[in-house]
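Beneath this line is the structure, given in structure tokens, with notes to follow.
The values are calculated or read from the model by the stated rules, or taken from the named source; none is laboratory data. Keep in mind it's a predicted model, so treat the numbers as computed, not measured. Methodologically, a virtual Cβ is constructed for each residue, glycine included, from the backbone with ideal geometry; neighbour enumeration extends over all protein chains shown.
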């Protein structure tokens, strides 16, 4: 139990040291990422009680690795060293909270608050999506990757996130695969359209993340048979306010 408790703090520390070393000597990028990935997998294996080949185990693994890689990629598009180091600290803090939630779920059930993991996973899903879309738009701007190639990558990432959201929220509806297809079609259309807006890829990513949030919350309510008009109004108002803030505060070229 003591070892498992220490892992919650030990891996984020190793992540911090590894990423700092990575930017100190970029030549070892492959080696460092492989080592950090293996250590993350070992950490999760020691923390999670479920069997290695169970859906629950790989659900935790998929969420952790998605966050790990989109966060690392995002750090490479940051030009300011101060901002990059600040983000590294933020990322290890988020990773630590995620590992802590797993630990509490399995080993401190008497302290575990209902829906704690589900709520944090929802936040992490939005963060992963924002970072992933920002990375893809950056690939288009800096590396001239075609939008259609980036769209295929986004479909894979988006599908994984929705499947993980199904798993986290215990959605078992037979219609979930149809909703997944509809979800991906809408997101890809927005991804293409927003790519041509005269704004930075951070703004573009923020806009499409709001669309992702709105769609998922509506689809989740429908699949959970909790569809109500007040939910639509509440989500519409929240999304509208967020979009308005972004539009007003953004610089359009």
- Message: Quick check on the stretch 231-253: of everything there that is at pLDDT below 70 and exposed (fewer than 12 other Cβ atoms within 10 Å of the Cβ), which residue is farthest from the chain's Cα centre (by Cα)?
- Response: 253
- Message: Looking at the structure I just gave you, is residue 61 assigned to a helix (DSSP H, G or I), at pLDDT 90 or above and either surrounded by fewer than 17 Cβ atoms within 10 Å (Cβ to Cβ) or touching a helix residue (DSSP H, G or I) at 6+ places or on another chain (Cβ under 6 Å) (or both)?
- Response: yes
- Which residue pairs have Cβ atoms under 6 Å apart, sit 6 or more places apart or on different chains, and have a first residue in the stretch 68-91 that is free of Cβ contacts under 8 Å to residues at least 24 places away in the same chain and a second that is assigned to a helix (DSSP H, G or I)? 78/84
- Would you call residue 188 in contact with a helix residue (DSSP H, G or I) (Cβ under 6 Å, 6 or more places away or on another chain) and either modelled with pLDDT under 90 or within 22 Å of residue 60 (Cα to Cα) (or both)? no
- Task: Out of the residues in the stretch 167-185 that are in contact with a helix residue (DSSP H, G or I) (Cβ under 9 Å, 6 or more places away or on another chain) and under 19 Å from residue 156 (Cβ atoms), state the one that is surrounded by the fewest Cβ atoms within 10 Å (Cβ to Cβ).
- Result: 182
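Results for (1) in contact with a helix residue (DSSP H, G or I) (Cβ under 6 Å, 6 or more places away or on another chain); (2) modelled with pLDDT of 85 or more; (3) under 20 Å from residue 162 (Cα atoms), shown as yes or no for each residue.
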residue: 65; (1), (2), (3): no, yes, yes
residue: 82; (1), (2), (3): no, yes, no
residue: 97; (1), (2), (3): no, yes, no
residue: 115; (1), (2), (3): no, no, yes
residue: 123; (1), (2), (3): no, yes, yes
residue: 128; (1), (2), (3): yes, yes, yes
- Query: If only one of 155, 211 is over 18 Å from residue 239 (Cβ atoms) and either exposed (fewer than 14 other Cβ atoms within 10 Å of the Cβ) or in contact (Cβ under 8 Å) with a residue 12 or more places away in the chain (or both), which one is it?
  - Reply: 155
- Task: All but one of (1) closer than 30 Å to residue 201 by Cα; (2) assigned to a loop (DSSP other than H, G, I, E, B) hold for residue 53, so report the exception by its number.
- Result: (1)
